[in-house]
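Here the structure comes first, spelled out in C-alpha cells, and everything after it is commentary.
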Amino acid sequence: MKAFVVTAPKVFEIQEVPDPVAGPGEIVAKIERVGVCGTDVEFFNGVMPYLHDGQAKLPMRLGHEWSGTVIEVGEGVDKSLLGKKVTSDVMMGCGNCSRCQDGRQHTCADRFELGIRNGFDGAMAEKLLVPAKFLHMIPEDFDFELAALVEPAANAWRVADAAKPAPGKEILIWGTGTVGLLTAQFCLAMGADVHMVGIDKKTIELALEIGVTSAGSELKNIPGGYHSVIDATFDSTIPAKLVDIVEPGGRIVLIGVDDHAAPIDSRKLVFKDVTVVGILSGSPGFKESIRYIAEGKIDVKKILGGTVGMSAVGEIFLGNRPAGLSVGPKILINPRG
C-alpha cells in the first residue's frame, strides 16, 4: 500500500509499504480521510519536542485525525465491526497502570500515540492497524470528511469544557486556527460570548461568520473583562499575556504548544486566584464531540478548507497551499485521491 513517510526534517517519500495484518485484539481499517494537524507539521519540520527527548524518531508515518471502514478483524474482535465506519483515539494506554485503570489512559507513561509517539504508524496511508478497544463508532449519516473532524473537535470540546462557558460568560480565544475555531463553536453552543484574536485575516473573517462577538488581530478590551482565556496558538509569548488579561478568579486553558517553553509568572496566578488547565488530547472528549456534531449544535465543516490527494501532501507540509481550497484551515487527505 501507499504511505506518506517523513524520512528526515522536511524530507518525505510516498513509499510502498507492507499491508498491515490484524493480530489478536486488532483491526485494519481502510483509510478514507486523514487530517493534516499542526503536530504533524512540527514533526515534518523537525521541531516537535518528542523528536528531541527520545519519544519519537524519524523516519515516521504521520496522521492521527482519520476516518475509515473496518476491513479486517483479528482474533477476539467482534466480527460485526466489519464494514463499520470508525475513527479512533490517538492515545493508546497500556491498560494496566493506575492512570489507565481510572480513565486517564491518555496520560499513561507507556502509551502509544497514533502517528506521534513510540513508533506507532499513523494514518497517512491507505490502511491502518489499530487496537479495537480504541475505536469510536461513527454515525452512518456522517460522511468521511465529517468523521475525520471528530478527533480535532474532541480536543476543542475538552478546551471549551475546561473554560466553563455559560450564558453571561466572556471567553477569549487566542488563535483562529482549527482548534481555536472549533473551540469557539463549542463555547457559543454552551451559551458564552466569544472573542478571538488571530493573525490570519481570512480565518478572522471565518470566526465572525461562525458567530463570535468579536475577532481581530488586536486584543479587544471589554467591560467586565474575560472570565476565561484560551491559548490555541503555537506562540510561546501568549500564555504570559493571558495571565495579565484574565479576570481574577478566572480560568486559563492551554492547548497550543510552541517548540520553546512559555514562561509564566506564578505569583500573578496566585494573587489573581487563577485556575490554569492544560489539555493534552481529545481522548475524554470523543463522545461529546460526536454528540454535538450529530445534534447539529456545531458545524465542524465550517473549518474545512478541502480534501487533496496523497501527491499533494508534501507541498502542504512545505507551506504551499493548493489552489482551489476554501479559507478553512483544516486540510484532509484522500489517500487514494
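A quick yes/no check of all residues on (1) out of contact with any Phe, Trp or Tyr (no Cβ under 9 Å at 6 or more places or on another chain); (2) surrounded by fewer than 24 Cβ atoms within 10 Å (Cβ to Cβ); (3) in the same structural domain as Thr7 (by TED's automatic domain parsing):
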{"site": "Cys97", "(1), (2), (3)": "yes, yes, yes"}
{"site": "Ala123", "(1), (2), (3)": "no, no, yes"}
{"site": "Glu140", "(1), (2), (3)": "yes, yes, yes"}
{"site": "Val159", "(1), (2), (3)": "no, no, no"}
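The set of residues from region 33-48 being surrounded by 20 or more Cβ atoms within 10 Å (Cβ to Cβ) and in contact with a strand residue (DSSP E or B) (Cβ under 8 Å, 6 or more places away or on another chain) comprises Arg33, Val34, Gly35, Val36, Phe43, Phe44. Restricted to region 122-140, and to residues there that are without any contact (Cβ under 8 Å) to a residue 60 or more places away in the chain and not aromatic (Phe, Trp, Tyr), the residue that is nearest to Leu81 (Cα to Cα) is Met137.
Here's the yes/no breakdown for (1) over 30 Å from Gly309 (Cα atoms); (2) touching a residue at least 60 places away in the same chain (Cβ under 8 Å):
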residue	(1), (2)
Trp157	no, yes
Thr178	no, yes
Met190	yes, no
Ala215	yes, no
Ser228	yes, yes
Asp231	yes, no
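The single condition among (1) closer than 22 Å to Ile138 by Cβ; (2) buried (at least 16 other Cβ atoms within 10 Å of the Cβ) that Ser80 does not meet is (2).
Condition first: among the aromatic types (Phe, Trp, Tyr) and more than 20 Å from the chain's Cα centre (by Cα). Now tell me which residues in region 221-270 satisfy that. Scanning region 221-270 gives a single hit, Tyr226.
Quick grid of which residues meet (1) under 27 Å from Ala184 (Cβ atoms); (2) charged (D, E, K, R):
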site	(1), (2)
His106	yes, no
Ala125	no, no
Lys133	no, yes
His136	yes, no
Asp141	yes, yes
Glu145	yes, yes
Ala148	yes, no
Glu151	yes, yes
Trp157	yes, no
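In contact with a Gly (Cβ under 8 Å, 6 or more places away or on another chain) and in contact (Cβ under 8 Å) with a residue 40 or more places away in the chain: does that describe Gly119? For Gly119, the condition - in contact with a Gly (Cβ under 8 Å, 6 or more places away or on another chain) and in contact (Cβ under 8 Å) with a residue 40 or more places away in the chain - is not met.
The values are calculated or read from the model by the stated rules, or taken from the named source; none is laboratory data. Predicted model, so just to flag it, every value in this text is computed and none were measured. We place every Cβ from the backbone using ideal geometry, glycine too, and count neighbours over all the protein chains shown.
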